[in-house]
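Student: Sharing a structure with you now.
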Amino acid sequence: MQADWYFDFISPFSYFQFLKLDTLPSTVELTLRPVLFAGLLGARGHKGPAEIPAKRLFTYRHVLWRAERNGILFKMPPAHPFNPIRALRLAVALGASKAVVGAIFDAIWGHGNSPDDEAGWQAIQKAAGVDDGEDRIADAAVKKALIANGEAALKAGVFGVPSLVAGDEVFWGDDATDFFAAWVADPGLLERGDMGALRTLPASATRA
C-alpha cells in the first residue's frame, strides 16, 4: 500500500509520530512529505494550538510530559512557534528521506535547535550533513516542491499535521498511528457497523 506522511517540523507531534513510523506494517510504502502547517491552517480557517494561549501552555506541558514518560529525547527550542520554512525546504532539497528528516527532527526537538536563529540553523544543517543549506533552499525548484506538497495535502483532505494519507483516507495525529495500522490490516474497518454509519451521521446543530 502506498501512503503519504504529511508533517511539519514545527509540530512536536510530528516528531513523536516520526519515531513510530518504523512500527507501521511492512506492506506500507511511505513517502515523507514536508508541508507548511501554517498554510493548511490558513486554507482551512483554523487557528494553531500556539495561537490560543491556554492551549499553547497545555500543549507544551503535554509534549514534555509525554517525552519524559516515554523516554524520548526532547528539548524545547528557545522559542515556539518558530518559522519552519528553512528546515522544510532543506528536507525537500535533500530528498526528504527518513535519514534526513530524522536528523532534522533530532536537531530541533531532540536538542532544542531553532531554524529561526543562526546557531540553531547551523546545527540543523550540520545534523543533516550539509553546510550549504542557504544555497540549497534558495533553489526555485525546492520552493515549488514544498508548495506542491501543500497543495497535494489540501487536495487529499489534510487539515493538520502529522497526517497519514492512503487512498481517500486521512489519519490525523500521532495518536492515530495504531488506528492507521489497524486499517491497513483490515481495509473494511471503516465501513462496517457503527464505523460505516458515521459517513452519513447528521448534525442537529451548527455554530453561526
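The values are calculated or read from the model by the stated rules, or taken from the named source; none is laboratory data. Quick caveat, the model's predicted, so the values are computed rather than measured. Methodologically, a virtual Cβ is constructed for each residue, glycine included, from the backbone with ideal geometry; neighbour enumeration extends over all protein chains shown.
Student: Scan region 179-198 residue by residue and report those that are within 16 Å of Ala166 (Cβ to Cβ) and without any contact (Cβ under 8 Å) to a residue 40 or more places away in the chain.
Tutor: Within region 179-198, the subset within 16 Å of Ala166 (Cβ to Cβ) is 179-191.
Of everything in region 179-198, those that are within 16 Å of Ala166 (Cβ to Cβ) and without any contact (Cβ under 8 Å) to a residue 40 or more places away in the chain turn out to be Phe179, Ala182, Trp183, Asp186, Pro187, Gly188, Leu189, Leu190, Glu191.
Student: Collect the residues in region 119-145 that are under 22 Å from Ala38 (Cα atoms), among the acidic types (Asp, Glu) and assigned to a helix (DSSP H, G or I), keeping them in residue-number order.
Tutor: Glu134
Student: Out of Tyr60, Tyr15, Tyr6, which single residue is at pLDDT 95 or above and within 16 Å of Phe171 (Cβ to Cβ)? First the steps, then the outcome.
Tutor: Working: Tyr60 fails: within 16 Å of Phe171 (Cβ to Cβ); Tyr15 fails: within 16 Å of Phe171 (Cβ to Cβ).
Among Tyr60, Tyr15, Tyr6, only Tyr6 is at pLDDT 95 or above and within 16 Å of Phe171 (Cβ to Cβ).
Student: Return yes or no: is Pro49 modelled with pLDDT under 95 and either surrounded by 15 or more Cβ atoms within 10 Å (Cβ to Cβ) or closer than 23 Å to Ala176 by Cβ (or both)?
Tutor: Details: modelled with pLDDT under 95: yes; either surrounded by 15 or more Cβ atoms within 10 Å (Cβ to Cβ) or closer than 23 Å to Ala176 by Cβ (or both): yes.
So Pro49 passes the test.
Student: What helices (runs of 4 or more DSSP H) lie completely within region 1-95 and have 2 or more residues being under 29 Å from Pro187 (Cα atoms)? Before you say what the answer is, go through the steps one by one.
Tutor: Values: elements: 12-18, 37-44, 53-70, 85-93.
Fully inside region 1-95 and qualifying: 12-18, 37-44.
Student: Search region 65-76 for residues being closer than 21 Å to Asp117 by Cβ and in contact with a Pro (Cβ under 9 Å, 6 or more places away or on another chain), and hand back the single one that is surrounded by the fewest Cβ atoms within 10 Å (Cβ to Cβ).
Tutor: From region 65-76, those closer than 21 Å to Asp117 by Cβ are 73-76; that's our starting set.
Narrowing the set further to residues that are in contact with a Pro (Cβ under 9 Å, 6 or more places away or on another chain) leaves 74, 76.
Values: Phe74: 18, Met76: 15.
This residue is Met76.
Student: I need a count of the residues in region 167-176 that are part of a helix (DSSP H, G or I), surrounded by 15 or more Cβ atoms within 10 Å (Cβ to Cβ) and of a type outside the set (A, V, I, L, M). Give the steps one after another, and end with the answer.
Tutor: Initially, region 167-176 is screened for residues part of a helix (DSSP H, G or I), giving 174-176.
Then drop every residue that is not surrounded by 15 or more Cβ atoms within 10 Å (Cβ to Cβ), which leaves 174, 176.
Imposing the further condition that a residue be of a type outside the set (A, V, I, L, M) reduces the set to 174.
Of the residues in region 167-176, 1 are part of a helix (DSSP H, G or I), surrounded by 15 or more Cβ atoms within 10 Å (Cβ to Cβ) and of a type outside the set (A, V, I, L, M).
Student: Being closer than 19 Å to Gly39 by Cβ, within 17 Å of the chain's Cα centre (by Cα) and in contact (Cβ under 8 Å) with a residue 12 or more places away in the chain is true for just one of Ala166, Ala176, Ala153, Ala148. Which residue is that?
Tutor: Working: Ala166 fails: closer than 19 Å to Gly39 by Cβ; Ala176 fails: closer than 19 Å to Gly39 by Cβ; Ala148 fails: in contact (Cβ under 8 Å) with a residue 12 or more places away in the chain.
Criteria check complete, one pass: Ala153.
Student: Now a separate question. May I ask you to list the residues in region 52-64 that are out of contact with any helix residue (DSSP H, G or I) (no Cβ under 7 Å at 6 or more places or on another chain) and surrounded by 11 or more Cβ atoms within 10 Å (Cβ to Cβ)? Walk me through how you get there before you give the answer.
Tutor: Narrowing region 52-64 to residues out of contact with any helix residue (DSSP H, G or I) (no Cβ under 7 Å at 6 or more places or on another chain): 52-54, 57-58, 60-62, 64.
Passing the criteria: Ile52, Leu57, Phe58, Tyr60, His62, Leu64.
Student: Can you confirm whether Phe179 is aromatic (Phe, Trp, Tyr), out of contact with any His (no Cβ under 9 Å at 6 or more places or on another chain), surrounded by fewer than 18 Cβ atoms within 10 Å (Cβ to Cβ) and within 19 Å of Leu21 (Cβ to Cβ)? Steps first, answer last, please.
Tutor: Numbers: aromatic (Phe, Trp, Tyr): yes; out of contact with any His (no Cβ under 9 Å at 6 or more places or on another chain): yes; surrounded by fewer than 18 Cβ atoms within 10 Å (Cβ to Cβ): yes; within 19 Å of Leu21 (Cβ to Cβ): yes.
Yes.
Student: Can I ask one more? From the list Phe37, Phe7, pick out the single residue that is within 25 Å of Ala141 (Cβ to Cβ), touching a Gly at 6+ places or on another chain (Cβ under 9 Å) and in contact (Cβ under 8 Å) with a residue 60 or more places away in the chain. Walk me through it before giving the result.
Tutor: On the way: Phe7 fails: touching a Gly at 6+ places or on another chain (Cβ under 9 Å).
Being within 25 Å of Ala141 (Cβ to Cβ), touching a Gly at 6+ places or on another chain (Cβ under 9 Å) and in contact (Cβ under 8 Å) with a residue 60 or more places away in the chain holds for just one of Phe37, Phe7, which is Phe37.
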